[in-house]
1. Are there any pairs, at least 6 apart or on different chains, whose C-beta atoms fall under 6 Å, with the first in region 14-41 and more than 17 Å from Gly247 (Cα to Cα) and the second more than 11 Å from the ligand (Cβ to nearest atom) and at pLDDT below 95, and if so, which?
2. Can you report the number of residues in region 1-56 which are touching a strand residue (DSSP E or B) at 6+ places or on another chain (Cβ under 9 Å) and within 16 Å of the ligand (Cβ to nearest atom)?
3. State whether the residues of region 389-396 include one that is closer than 24 Å to Thr211 by Cβ and among the small types (Gly, Ala, Ser).
4. Looking at Arg209, is it of a type in the set (Lys, Arg), buried (at least 22 other Cβ atoms within 10 Å of the Cβ) and more than 28 Å from Ala61 (Cα to Cα)?
5. Kindly establish whether Leu283 is surrounded by 24 or more Cβ atoms within 10 Å (Cβ to Cβ) and over 22 Å from Asp58 (Cα atoms).
6. Can you tell me which condition Gln92 does not meet? The list is (1) away from the ligand (no atom under 16 Å from the Cβ); (2) surrounded by fewer than 19 Cβ atoms within 10 Å (Cβ to Cβ); (3) outside any strand (DSSP E or B), and all the others hold.
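The values are calculated or read from the model by the stated rules, or taken from the named source; none is laboratory data. All values derive from a computational prediction rather than experimental measurement. Cβ coordinates were reconstructed from backbone atoms using ideal geometry, including for glycine residues, and neighbour counts include every protein chain displayed.
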Amino acid sequence: MKNNKFHYKCNDCGAHYQPDEVKYLCPVCAAKNTLSQPPKGVLKTVYNYKKLIENNTDFDALKENDFLELSPIQSTKSLPNLRVGKTPLYQQKSIDKKELPFNVFLKDDSQNPTYSFKDRASAIVSAYAKEQGFDTIVAASTGNAGSSLAGICAAQKQKAIVLVPESAPKAKLTQILMYGARIVPVKGTYDDAFDLSIKATEEFGWYNRNTAFNPLTIEGKKTVSFELFEQLNYKVPDRIFVPVGDGVIISGVYKGFEDLLKLNMIKKMPCIVAVQSKGSANLIHNINKEEFEVKPSDTIADSISVDIPRNFYMARDFIHKYKGEVLAVADEAIIQASGVLSKNSGLFAEPAAATAFAGFLSYFNDQKLLDNSNNVVLLTGSGLKDLNSVQEIIELPKAIEPSLKEMKKLLEII
Ligand SMILES: [Zn+2]
């Protein structure tokens, strides 16, 4: 099916491509890529903004049509019959009984079908694959993208092949298998799995969902920005705290608001805070460097544990262009933040998502948030996906005899 509603623009050299011409990276930039550097040539999807402005299209009209004018797919009928996105936004009014002088909202994307933000990308990629006649989709994943692809493909009657590094948490691998996907554990890191998946795509003619390779994952991820704008009563939040690994989610959040900016539907961009784990902060370390330097990752936040951020250049460009901020938080702060979040909100987030909340807490403690400002924390995945990481802050009591006396002792009721 020919698709004339959008084209691609290379983030690095600016070349334009039609979607039937190039599917993944800009071939000119990609030819110079090496395994030790972040890839260049990630494509940005560009729509006919001028036409939409001329037609006086407003936000509500876009919403009425499920934002199809800003989507690479032809019809919403190609999407899975699952509720993807449209996740709740909860205001958190106090923390540890302290009233907050500003507004903070928690965007709970663990409410997606496979319990993570990644479903936004998988749904669009799967729908596009369907329209283009692909029946097999492959992805490399540390877990969430893979379980997401597996679940969405199950709903869509498509085949999913997921390459995972052997260290991926068992809960996520279990989820992938339960959805009926084929799993390929790969010795080495996420990057090794990523490179093998690209070779397999070329060899077998499958469609590839890899982030920062397939440009459409960003188009799926950007839908969160449209939702935030609407849920905040057509206001752009002052700050959004986003967990960052390979830089695709943050690029998705930027892209959604940038689309609205190009359509004159918003006047300013939000300040987006890229929060990384100190044990895997390769985007932050390199944000102002000429030459990219890799530091090996070691963090409990497995979803954002990345040696080479695959979407480094686009994320960096967005952060520079729209004056974003960056912050690295220690693993201990992530685990603590996870507990504070759960106890105060009733939301149980995985470590990567708790990283964003840890970033918010750091800003709060340093009094960097203005009174009455609107702040959002993007919670990208459910804590049930990685129960091991929080074991150190919980203590499971030993069983007692079934007597009130022992129960009182355990609960310290005098
Ligand atoms: Zn290029």
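1. Pro19/Asn3
2. Total satisfying the criteria: 26.
3. yes
4. yes
5. Yes, satisfied.
6. (3)
Each row is one residue, and each column tells you yes or no for (1) of a type outside the set (Gly, Ala, Ser); (2) in a strand (DSSP E or B); (3) surrounded by 10 or more Cβ atoms within 10 Å (Cβ to Cβ).
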site	(1), (2), (3)
Leu370	yes, no, yes
Asn375	yes, yes, yes
Glu392	yes, no, yes
Pro397	yes, no, no
Lys408	yes, no, yes
